[in-house]
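So the structure is just underneath, and the comments pick up after that.
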């Protein structure tokens, strides 16, 4: 079977997926959330850039799009052909590839220069028109590799005495060191550098742009441990991690961004929220949800005695606009959490019960016990209406006569939450692909 047949099989499968998708009038992000799938993954399937190895997500997609029994059968047939096409080994004669190097590679380079890759396509964008990626990139990469092999063989044949190229003949290879110099072997096993005899190589200086800027961490210590009588202080018997980019029910959240709507990109998927917020200098609007995971280092129980809130700064709410990541999301499950009102002079972490379809979920009552086999995930919901608050948490623990306090913050910096009362608020209109005033 020819390469063209393989391309047609994958393209026909992707075309049917797009037909079903367009029937729903839903965006890729909306469909992906209902399928528990990454938005970019669904987009690649519909664009013909990838073929799922399992038919289960395709079947769920067809059901969500309201496909008939005949359409599902046709979709399964096309999926089988597309999977076979993607898994079929491709071979081509080197001579024919060499003859096509100049024309095909030139045309491919021109084509790919005008088409963005999958990473540049917005999560809500429809598949761009044009030739499929596998018709552009595979041919270009394969022919370029064949041309490189022929060029290397030609350079070997061009040597005057027919001998093989030595180290000094190969481009990019250092010639033997002259007298008066010594080789200094790099500690990582890379190519040695030449330095004058009796001298040491100059230390490397990293480029200023390659060094990430670090914000100054808060002055308070992150860990405080009191050893038992007669003992010495050591590492705390527990570990923790904090995710401050959690969204309510996985879809609802607000950010304050000091930019007009036309300069703000579309909302990200929840797992990319941290990168999106950092790129826009965004501040949590109205509330910050912190998902705190706590686990003991061994099977020995560690008692979590108390969870406290420390506010280290208050100022007027941050200026800008409030951007809602969704128009609201409902669900029958409300997770238990710790509620924190940052507008109080002395805010406390108050345990709140949850609900699962009407069945109460008991609140986490301190003291609480964890170990290596019994971890715990705590959800802290800190909210404010009238301030730009900077805060962190303190977790008191005890184990086998030892006590201590662990500081929970945002990678060395306080968490930050700003009120959005009175700010212009926008939501993303997927049909118009722009930010619009929140209704």
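No lab work stands behind these numbers, since they all come straight from the coordinates. As the structure is a prediction and not an experimental result, all values here were calculated from the model. As a convention, Cβ positions derive from the backbone with ideal geometry for all residues, glycine included, and neighbour counts pool all protein chains shown.
Here are the numbers for this structure:
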read-out: Approximate spin-label separation residue 398-residue 258, in nm, with each point projected 7 Å along Cα-to-Cβ; value: 4.6 nm
read-out: Shape of the stretch 15-56, Cα gyration tensor, a/c cut at 1.5; value: oblate
read-out: FRET efficiency, residue 438 to residue 239 (Cβ-Cβ, R0 45 Å, nearest 0.05); value: 0.65
read-out: Protection proxy ranking, peptides 309-315, 282-288, average beta carbon neighbours within 10 Å, highest first; value: 282-288, 309-315
read-out: Average projected area [Cα convex hull, the stretch 299-439], square nanometres; value: 11.7 nm²
read-out: Distance between modelled label sites at residue 356 and residue 305, nm, 7 Å Cα→Cβ extension; value: 3.2 nm
read-out: Computed lengthening from residue 315 to residue 297, 0.36 nm per intervening residue step minus Cα-Cα distance; value: 2.6 nm
read-out: Distance from the stretch 17-76 to the stretch 272-329 (C-alpha centre basis), Å; value: 33 Å
read-out: Length added when fully stretched, residue 38-residue 55, from 0.36 nm per residue minus Cα-Cα; value: 4.5 nm
read-out: Difference of contour (0.36 nm per residue) and Cα-Cα distance, residue 421 to residue 88; value: 114.0 nm
